[in-house]
1. Residues in the range 34-63 that are of a type in the set (D, E, K, R) and in contact with a helix residue (DSSP H, G or I) (Cβ under 9 Å, 6 or more places away or on another chain): how many?
2. For the range 47-72, enumerate the residues that are closer than 20 Å to GLY21 by Cα and either part of a loop (DSSP other than H, G, I, E, B) or in contact (Cβ under 8 Å) with a residue 24 or more places away in the chain (or both).
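Only the coordinates and a few stated rules stand behind these numbers; no lab work does. Just so you know, these numbers come straight off a predicted model, no measurement behind them. Cβ placement follows ideal geometry from the backbone for every residue including glycine, while neighbour counts extend to all protein chains displayed.
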Amino acid sequence: MRAGQWAPCIVVFEPAIERNGVLLHPFDTGAFLSKRYELWIPSQFDLCDFELPLRCEAAGKFVRAFYGTNENYWVGKTLTG
């Protein structure tokens with residue numbers, strides 16, 4: 001496998017795009033629906049369980065809550081609880 005396959009997906013939009021948005025999720029929803037996260041996310045969870053508020057700051061808050069920093073997010077180093 002190439003190392004790039006492990007990197008998180010990052011999409012950058014202008015802040016104004018939130019006016020046109022519909023849903024925001026912290027991961028690839030297509031991969032979730034095709035069960036590619038089964039090793040990490042139990043099957044009783046539904047896609048709607050992971051919806052984030054549709055505001056520009058929501059993605060940053062998600063990263064800080066689970067990873068602490070953007071650098072930790074990039075390398076996949078989660079905070080320990």
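1. 2
2. Answer for the range 47-72, where residues must be closer than 20 Å to GLY21 by Cα and either part of a loop (DSSP other than H, G, I, E, B) or in contact (Cβ under 8 Å) with a residue 24 or more places away in the chain (or both): PHE50, GLU51, LEU52, PRO53, LEU54, ARG55, CYS56, ALA58, ALA59, PHE62.
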